Structures are given as structure tokens and as C-alpha cells.
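For reference, the structure is listed below as C-alpha cells.
Nothing in this text is a laboratory measurement; each read-out follows from the coordinates by a stated rule. Quick caveat: nothing in here was measured; it's all calculated off a predicted structure. Neighbour counts run over all protein chains shown; Cβ positions are idealised from the backbone, glycine included.
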């Protein structure tokens, strides 16, 4: 696929089995399937297999790489041995919101949804403080929800801190391309082979990433972040 500047990883339950895909975008915004795996990305063996697939496809953080996941702890823990600190990890906000709400009783969900969505509309520093406040409010009555939010406090703000303009930023803060590939993969038939057929069909007909003309800004921001991490 040539150089990949951003990759998205997603998992879903398809016909009773967990399946995972990774897709990436090159500097022109063209999308490429990078990995199709049986099992969820929360499984350490699957997470490692996905990263191995990315390496085999030539994906490297040498020139800067954004990896957007759905919050898989297994992926986060395996990134450093694979790539060192070169890859920037972002956690999908949509999946984070879903996960946090699933840990809450029905009557607490609307308020928490509003608080999280309002926080994400703020500038990065104010948003980080607001998110930490939500986490503190949940910690005693709903510790599992607080733990899930706390794990993503930094990664869910990673893209916002890069200063990427909209609408590209909107598509970098969620795992949308991976979710769309999984949705199309359902139509390919049963099992891993069926998923692969469906996902490759998605690749053939998918359009370039919305906001792709601003991808040079992403490349520059990633390079600056990488240089700052080395200094």
C-alpha cells in the first residue's frame, strides 16, 4: 500500500465469532486493508497478530503514524515493543462513549453522555480537565465506568492535540473506516474467508478519506510530535 499515515483497528461479533480488521490510509487518502483476523483485538494474541500484519505490509512509524483503536489494552501494551514511542495512539471516542455508558445504570446514562460530549467540544486542555472531572464523579458509585474512561483519558484527546482541521479530524477521532470495513465484511459470508472477501470488496469501492487534502497537516503534526518525544 505504500506509506501509511493513519491506521484504524476495529473488532466486532459476526455470526457468533469475534473478528478484527485493520485498515489504513496513505498520504493521498486512499484506504487499504492491512489485517483481517479471527478474534477480538482485546485478545493479546490477536493484537500481536494485527501488529505483525501491519509490519508485514510495510507500515512503520518512521515518518509518523497515527493508530486509532477502540481502546484495546492489549494493543496499547504491545505497541512499544513493536515500534517504540514512534506511533501515536488514539482511542475511538464513539467506542469509549459506548463502553462507559454500558457500565452505567439507565438513569445515569443521559447525564454522562452530555458531560462527555460537551467536554469533547472544548479546547484540549479544558476538555482534559472536564473529562477528568467526569471520571472523578463516576469513581465511587460506578468504578468500572470510571476505570474505562480513565484508561482512555489521554488517548481520546491525542488527535485533538495535533491541531488537525475539520472534517479530517472528525474521521481521525473515531474508528469509522474499520467499522465500515467490518460492516461490509458481514456480507462476504461465514468465517474468516467470508470476512476477508467482504472487506476486500469494501476496499475496492470505498472512497478516499474525507478531508484527505489536510493529510499533509497530519504528517507534519506527527513528525513534530515525534521530534518532541525524542528531545
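A few remarks follow.
- The chain: antiparallel DSSP beta bridges as a percent of all, rounded to 5: 65 percent
- Within a Gaussian network of the chain (alpha carbon springs, distance under 10 Å), most fluctuating of 64, 189, 86: 189
- Just checking the listed ones, 166, 91, 212: in the Gaussian network model of the chain with Cα springs under 10 Å, the one fluctuating most is 166.
- Computed per residue of the chain from DSSP H runs no shorter than four, each worth -39500 (n - 2.57), the mean residue ellipticity at 222 nm is -15500 deg cm²/dmol.
- Applying 1/(1 + (r/R0)^6) with R0 = 30 Å to the Cβ-Cβ distance of residue 139 and residue 3 gives a FRET efficiency near 0.10.
- Most fluctuating residue given options 167, 124, 44, as computed from a GNM of the chain linking Cα atoms under 10 Å: 167
- Computed FRET value (nearest 0.05) for residue 210 with residue 98, which takes r as the C-beta separation and R₀ as 22 Å: 0.50
- Going by neighbour counts of Cβ atoms within 10 Å, the residues 112, 206 line up, fewest first, as 206, 112.
- Residues 21, 33, 6, 89, sorted so that the one with the fewest Cβ neighbours within 10 Å comes first: 89, 33, 6, 21
- Fully extending the segment from residue 193 to residue 17 would add 62.1 nm, taking 0.36 nm per residue of separation and subtracting the current Cα-Cα distance.
- Alpha-carbon centroid distance for the pair segment 97-145 / segment 152-179, whole angstrom: 18 Å
- Ordering 99, 126 by the number of other Cβ atoms within 10 Å of each residue's own Cβ, fewest first, gives 126, 99.
- Percent of beta bridges antiparallel (DSSP, segment 1-121, rounded to nearest 5): 65 percent
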